[in-house]
Amino acid sequence: MRSAVSSSLRIECTDFEPGGVLYTLSGDVNETFKAESLQPKDKKHIVYDLAGIENFNSIGIREWSTCLASLAKDGVDVRFRNCSVVMMDQFNLVPESLGEGLIESFYAPYFCQDHGEINELLNYADIGSELLSRIPPKRLCPHCQKLMDFDALAESYFQFHEHITRR
Ligand SMILES: [Zn+2]
């Protein structure tokens, strides 16, 4: 594993199978972020683990989108895994930030009356049909097993699904 710190963004990089690389990112994507830190020269498959993404600013998201556009141009297979709620907000607000990437899994905000805010990891492949109708998947609180409320606007939070299926 190789590690790098693009200032506020921590990047860990692990090779897998021939031609693949997993980047695990945590921290903020801002004016110190450089696209080349996420663009390996000789890789055909890239998986980005985005559970640790905490913040974006407008300069950061522009550079991020440039990075994804360049990977799409080079025909690199890009997957996003464990996307944080902050990351999903960016994908929804700025469709270019997806590039041609596919979302494998992402966190969604839920709320239990007794236990407060709980982010649940959803597998994209499992919930495609629910997303089409903008119905949040039902989730039980891991502490009390009561049905939780979805804690965002489903219409907005699942907007990314449209960007992906429209390609
Ligand atoms: Zn609960």
- Message: Given 10 °C and 1.306 mPa s, compute D for the stretch 114-167 with the Stokes-Einstein relation, Rh being the Kirkwood radius over Cα pairs; round to the nearest whole µm²/s.
- Response: 129
- How much length is gained on full extension from residue 73 to residue 149, taking 0.36 nm per residue of separation minus their Cα-Cα distance? 23.3 nm
- Query: At a 1.4 Å probe, what is the % contribution of carbon and sulfur to the accessible area of the chain?
  - Reply: 51
- Note on the structure: HN-Hα couplings for the stretch 26-38 via Karplus (6.51, -1.76, 1.60; θ = phi - 60°), in whole Hz with x for Gly/Pro, come out as 8, x, 10, 9, 9, 5, 8, 6, 10, 3, 5, 5, 10
- Item | Distant-in-sequence amide H partners of residue 22 (H built 1.01 Å from N, under 5 Å) | 14, 15, 16, 47
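Sum up the charges of everything whose Cβ sits under 12 Å from the Cβ of residue 111, counting Lys and Arg as +1 and Asp and Glu as -1, but leave residue 111 out. Don't skip to the answer; put the middle values down first.
Working: positive: 139, 146; negative: 114, 117, 120, 149, 151.
Surrounding charge for residue 111 is -3.
Roll a 1.4 Å probe over the protein chains and send me the accessible area per residue for the stretch 1-157 in Å².
On the way: 8200 Å² over 157 residues.
Averaged over the residues of the stretch 1-157, the accessible area is 52 Å².
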- Taking every pair of alpha-carbon atoms in the stretch 22-62, what share in percent sits in each 10 Å bin, from 0 to the bin with the longest distance? 27, 54, 19
- Item | All aspartates and glutamates inside 15 Å of residue 43 as judged from Cα atoms, apart from same-chain residues fewer than 8 positions distant | 15, 17, 74, 77
- If we restrict to alpha carbons, what Rg and Dmax does the stretch 44-84 come to, in Å? 11.1, 29
- Task: Take the alpha carbon gyration tensor of the stretch 1-105, find the square roots of its eigenvalues, order them as a ≥ b ≥ c, and report rounded if a/c is under 1.5; if not, report prolate when a/b exceeds b/c, else oblate.
- Result: rounded
- Message: I want to make sure I understand the PRE zone here: with the label point 7 angstrom from the Cα of residue 162 toward its beta carbon, which residues in the stretch 107-143 have backbone N atoms less than 15 Å away?
- Response: 131-135
- Message: Taking the Cα of residue 15, stepping 7 Å toward and past its beta carbon, and measuring to each backbone N in the stretch 67-85: which are under 20 Å?
- Response: 76-79
- Query: Among the lysines, which have Cα under 21 Å from the Cα of residue 44 when same-chain residues fewer than 8 positions away are ignored?
  - Reply: 34, 73
- Pop out the ³J(HN,Hα) list for the stretch 147-154 in order, Karplus 6.51 cos²θ - 1.76 cosθ + 1.60 with θ = phi - 60°, rounded to Hz; leave Gly and Pro as x. 5, 9, 7, 6, 10, 8, 7, 4
- Message: I'd like to know which of 109, 132, 71 lies farthest towards the positive end of the charge dipole of the chain, counting +1 on Cβ of Lys and Arg and -1 on Cβ of Asp and Glu.
- Response: 71
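The values are calculated or read from the model by the stated rules, or taken from the named source; none is laboratory data. In this text the structure is predicted, and so the values were computed from the model without any measurement. Counting neighbours? That spans all protein chains shown, and the Cβs are built from the backbone with ideal geometry, glycine included. Ligands, DNA and RNA are stripped out before the accessible areas are found, and what is left, the full protein with its side chains, is counted by its heavy atoms. Shrake-Rupley method; radii C 1.70, N 1.55, O 1.52, S 1.80 Å.
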